[in-house]
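Taking it in order: structure first as structure tokens, then the write-up.
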Ligand code: GLY
């Protein structure tokens, strides 16, 4: 019922897509009765799949296949997620990679317990709160493009920590698919092709990036072209089975530090040697009989939990998915959620009162603020889909991993260490360059998120896992800066409140509101009548082709339904 209503509210193009997706899902479900496999061996990428034994959803189809290959070799969800992560670092190099860092939410079925791993980049020890001020004025470009944007990478330390604690394989076994993709080459996706084209002028000025992503005549490689990253393959291989020693204290560290020195960077051997990922306590909130688990700060997981709590069934009663009154409530709740986000930061440096923010009374207060908003909005600007990638894995034993990883904006600092094939992150831009100065995502900086040596910047990355009666029933996560928060919220609501299947939940058009600037960003697939209804309510809209990408897996006994987001491509691979 809910699904057909949702289809009726969509424009024709999306109706067609959603109908196709549902047909594919139905066909795959039928195939399950004939043979317990779906699309694991098919050549054409599919963004929707059904599986029995395992499911991997990634913004790269090659990477999703890498994860399933590891599951088939006997690996668990953690092994598969880490293999997918290394592989997507090769095939979506503009978004993530071993020069970056991320968050990982893990459910281990045997002990019925959640774990949250923070392996986000840290500010180098030589960094200072005023490092981006020039002649008394903040220069946010310094944090975004170039060597001063680079934070200490956490990716390899995070992968190693998760693998040693919960994996069953050695690093080289999970790295093998990534090494093959990098060494033999992979076919550039539509999404990557566009990113290379857009960034070509900047890629040209970096020897390592131009060597890999541009042709000898300087023109950009395109979607469908094969990209080979031999140096990255060699670096991954050279990490052996003790990747932390090699990356943070060995030859990789030496090459990274030499590069930093030569280019005026701040990162030193001590920064690398001192880097540690943090196991943190996951945060949790009830939603309509479900238990929703998320990453704690410096993730924005708490913001999603607050917003979800403010949109319970009592508040949504009688409203259809993407109906104008529903969207109006969503907008107001998002606005207040983003205002609360200003209190979030690295909890090792700032007392974030996360338990208080998640109390029922605070959530009721947020809802009250949403229903009676008082804001004085700054001028509008458009959000834009930046880097970052999300992936989701569920295995046959009930383990689930949801992780989001990033080098921040597209191609990070737009610099690479050529001999290592490592693209450097620009994660320092996620700090407040100076109070009130917006970052690349137009998010205004607050004191809590000011640069400090060894601190981790506030992030929008927010993978979640939802249980019912103690068993995981769904997981979702996304990419695209702050649109991750609004996207994860909407896909979660589409599944939990509107009972859509994973494919339809991901396909529904989305909106984004982040308090400042005062503009609601709306996907062009949102029906024109809905958009004009919102305008009549007084909302200023900015229509964009797509917001960020959000993936989802719904988990039922012997039926895993995975959906990658067609907005960015990628793959859902089940078996
Ligand atoms: N660098 C994007 C984020 O962490 O939100």
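The values are calculated or read from the model by the stated rules, or taken from the named source; none is laboratory data. Model, not experiment: these values are computed from the prediction. Cβ placement follows ideal geometry from the backbone for every residue including glycine, while neighbour counts extend to all protein chains displayed.
Points worth noting:
- Within the range 182-196, residues that are on the phi > 0 side of the Ramachandran plot sit with their Cβ atoms under 7 Å from residues that are at pLDDT 95 or above, at 6+ positions apart or across chains, in these pairs: 185/226; 185/227; 185/228.
- Tabulated pairs, the range 435-461, first at negative phi and part of a strand (DSSP E or B), second within 15 Å of the ligand (Cβ to nearest atom) and at pLDDT below 60, C-beta under 8 angstrom, 6+ apart or interchain: 438/444; 438/445
- Within the range 450-471, the set of residues being more than 16 Å from the ligand (Cβ to nearest atom) and more than 25 Å from residue 434 (Cβ to Cβ) comprises 465, 466, 467, 468, 469, 470, 471.
- In the range 418-436, the residues that are closer than 24 Å to residue 179 by Cα and surrounded by fewer than 24 Cβ atoms within 10 Å (Cβ to Cβ): 418, 419, 420
- Scanning the range 387-412 for residues that are assigned to a loop (DSSP other than H, G, I, E, B), more than 9 Å from the ligand (Cβ to nearest atom) and either surrounded by 24 or more Cβ atoms within 10 Å (Cβ to Cβ) or free of Cβ contacts under 8 Å to residues at least 60 places away in the same chain (or both) yields 411, 412.
- Checked against (1) within 15 Å of residue 544 (Cβ to Cβ); (2) crowded, with 22+ Cβ neighbours inside 10 Å; (3) more than 15 Å from the ligand (Cβ to nearest atom), residue 505 passes all but condition (1).
- Check on residue 487, in a strand (DSSP E or B), buried (at least 24 other Cβ atoms within 10 Å of the Cβ) and within 16 Å of the ligand (Cβ to nearest atom): no
- Only a single item in (1) under 22 Å from residue 103 (Cα atoms); (2) in a helix (DSSP H, G or I); (3) in contact with a helix residue (DSSP H, G or I) (Cβ under 8 Å, 6 or more places away or on another chain) is not met by residue 352, and it is number (2).
- Number of the exception - residue 105 against (1) more than 18 Å from the chain's Cα centre (by Cα); (2) assigned to a strand (DSSP E or B); (3) surrounded by 23 or more Cβ atoms within 10 Å (Cβ to Cβ): (1)
- Just one of the listed residues (88, 78) is touching a helix residue (DSSP H, G or I) at 6+ places or on another chain (Cβ under 8 Å), closer than 19 Å to residue 467 by Cα and buried (at least 23 other Cβ atoms within 10 Å of the Cβ), namely 78.
- Listed conditions (1) assigned to a helix (DSSP H, G or I); (2) more than 14 Å from the ligand (Cβ to nearest atom); (3) modelled with pLDDT of 95 or more; (4) over 22 Å from residue 522 (Cα atoms) are all met by residue 428, apart from (2).
- Of all residues making up the range 514-537, the number that are in a loop (DSSP other than H, G, I, E, B) and at pLDDT 95 or above: 5
- Count of residues meeting criterion [in a loop (DSSP other than H, G, I, E, B) and farther than 27 Å from residue 196 by Cβ] in the range 75-102: 2
- Filter pass, residue 487 being touching a strand residue (DSSP E or B) at 6+ places or on another chain (Cβ under 7 Å) and more than 25 Å from residue 306 (Cα to Cα): no
- Meets criteria (under 18 Å from the mean Cα position of the chain (by Cα) and surrounded by fewer than 24 Cβ atoms within 10 Å (Cβ to Cβ)) for residue 349: no
Every residue, every condition in (1) within 16 Å of the ligand (Cβ to nearest atom); (2) free of Cβ contacts under 8 Å to residues at least 12 places away in the same chain; (3) exposed (fewer than 15 other Cβ atoms within 10 Å of the Cβ); (4) in a loop (DSSP other than H, G, I, E, B), yes or no:
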{"residue": "222", "(1), (2), (3), (4)": "no, no, yes, yes"}
{"residue": "255", "(1), (2), (3), (4)": "no, no, no, no"}
{"residue": "262", "(1), (2), (3), (4)": "no, yes, yes, no"}
{"residue": "266", "(1), (2), (3), (4)": "no, no, no, yes"}
{"residue": "272", "(1), (2), (3), (4)": "no, no, no, no"}
{"residue": "303", "(1), (2), (3), (4)": "yes, no, no, no"}
{"residue": "306", "(1), (2), (3), (4)": "no, no, no, no"}
{"residue": "320", "(1), (2), (3), (4)": "no, no, no, yes"}
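- Selection count where residues are under 21 Å from the mean Cα position of the chain (by Cα) and within 30 Å of residue 127 (Cβ to Cβ), scope the range 143-177: 18
- Residue in the range 228-246 that is part of a loop (DSSP other than H, G, I, E, B) and surrounded by 21 or more Cβ atoms within 10 Å (Cβ to Cβ) present: yes
- Total residues in the range 240-273, condition within 30 Å of residue 113 (Cβ to Cβ) and within 26 Å of the chain's Cα centre (by Cα): 4
- Test: residue 185 is more than 30 Å from residue 566 (Cβ to Cβ) and either surrounded by fewer than 19 Cβ atoms within 10 Å (Cβ to Cβ) or out of contact with any strand residue (DSSP E or B) (no Cβ under 8 Å at 6 or more places or on another chain) (or both): no
- When each of 474, 415 is tested for being in contact with a strand residue (DSSP E or B) (Cβ under 9 Å, 6 or more places away or on another chain), away from the ligand (no atom under 16 Å from the Cβ) and over 23 Å from residue 311 (Cα atoms), the lone residue that passes is 415.
- The range 108-143, subset buried (at least 22 other Cβ atoms within 10 Å of the Cβ), more than 16 Å from the ligand (Cβ to nearest atom) and at pLDDT 95 or above, residue nearest to residue 277 (Cα to Cα): 124
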